[in-house]
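Only the coordinates and a few stated rules stand behind these numbers; no lab work does. Computed from a prediction, not measured in an experiment: that's the story for all the values here. We place every Cβ from the backbone using ideal geometry, glycine too, and count neighbours over all the protein chains shown.
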Amino acid sequence: MIARDARRLRIGVLGCGPIAQIAHLEACRKARNAELRAICDVAEDLVERMAAVHQPARTYRDYDAMLADPDVEAILVAIADQFHFEMTLRAIDAGKHVLVEKPLGTTVEECLALRDRAAGTGLVIQVGNNRRFDPGVELARRFIREELGERIALKAWYYDSVFRYKMTDNLQPIPISSAHARRPEGHPKSDRRRYFLLTHGSHLVDMAALLGGPITSVRARLSVRFDSYCWFASLDHEDGTLGHIDLQVPIRGDFQEGFQVYGEHGSVSGRLHLPWFHKAGEVECFSARDRRYQRVLGEDAHTYKRQIEAFAATILDGVPQAGANLDYCLAAMRAMAAIARSAKTGEAVRLADVKGGV
């Protein structure tokens, strides 16, 4: 049985599409300090099917009606990337806390506008970089902060696989679709260069900044061969750490996501699993001081549930925000835009100079 707190954050989920079905609706129900209060989608058939399974207290087809519900304290935005900005902005204006799927927006200007609108409101705005809540990543962050000393270098990589769906189709529930679902204009996913960088690159640049510190400039190269997109980017971090990130989508091999960090008193290496396995990453932290490794085993690794619990703990209990805040996500958007620009020009690009999108 799941132990539940007496006081739980009442969440309204916007969107009943694939990511809500696969991750967020179940995560809201399993979180110890959150409650699935409401769901909302323009597609009536999706709302009815999801309500039958997840049993929220209320259902809506009109977003403004859910925003006007005083019993809904926070909104979880689980819709297409192109709608994140508008729906998050409306939630902020309605006085709701927000957990929005990554990326926060599709341009630097959208992220800036959301940061400015949220400033001074006291609202918690968190972006769904769920990999932060892998227990292995949490161990790596803690070791880097407390034992590694000064950082020297970082490497991080993300390789999606042509075979990934052979695994995920078995792990995930069968998604239910609707002819009435709202979709972005055009076909955003057809621009694979942009889609891959926003969807997969957002994980990679967040991990690089999380473990290596703020990124100040990038120099990137892109190769497109055999329908595979390969970005190599060298990074300059604020503290002098030299970084390298490697994004390849897809590869003819197993899915891989990992990192290495080298420092004054030790090193960290990690390989993360697909999140749907709910298994902690294989992370080892080596201390040169005692010549010992640290690892985690047996920890709760439902990262979507744990990010909701951290979101709720910040709002209800004042726990410092562990998820990606607006500043982090603005920096991530700048990094992705800088990688895209550098890959075109061949020049190093300072994040502070970047505008637009990828």
Which ordering of Y63, Y262 is given by a fewest-first count of other beta-carbon atoms within 10 Å?
Y262, Y63
Quick check for me: using +1 on Lys/Arg Cβ and -1 on Asp/Glu Cβ, what's the dipole size of the stretch 241-358 about its Cα centre, in debye to the nearest 20?
280 debye
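Based on the alpha carbons, how large is the Rg to Rh ratio for the chain when Rh follows Kirkwood?
Result: Rg/Rh = 0.95.
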What's the magnitude of the charge dipole for the stretch 9-131 around its Cα centre, counting Lys and Arg as +1 and Asp and Glu as -1 at the beta-carbon? Answer in Debye, nearest 20.
540 debye
Quick note on L67, L297, L112, ordering by fewest other C-beta atoms within 10 Å, gives L297, L112, L67
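Arrange the following residues from fewest to most other Cβ atoms within 10 Å of their Cβ: R32, R131, R292.
Result, fewest neighbours first: R292, R32, R131.
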How many lysine pairs does the chain hold where the Cα atoms are under 17 Å apart and the two sit 8 or more places apart or on different chains?
6
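May I ask you to give the average projected area over all directions of the convex hull of the Cα atoms of the stretch 9-131, in nm² rounded to one decimal? Each step should come with its number before you reach the end.
On the way: hull surface 28.6 nm².
Value for the stretch 9-131: 7.1 nm².
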Bridge type composition, the chain - antiparallel percent by DSSP, nearest 5
60 percent
Pairwise Cα inverse-distance average, inverted: Kirkwood Rh of the stretch 92-155 (Å):
14.4 Å
Along the charge dipole of the stretch 248-337, which of Y328, H278, I251 sits closest to the positive end, that is, farthest toward it, with unit charges on the beta carbon of Lys, Arg, Asp and Glu (+1, +1, -1, -1)?
I251
Axial C-alpha extent at least 18 Å, average Kyte-Doolittle at least -1.0 - helices from the chain (DSSP)
81-93, 303-317, 326-345
proj_area_mean for the stretch 128-259 (convex hull on C-alpha atoms), units nm², value 10.2 nm²
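Quick one: putting +1 on the C-beta of Lys and Arg, -1 on the C-beta of Asp and Glu, what dipole do you get for the chain around its Cα centre, in Debye to the nearest 20?
600 debye
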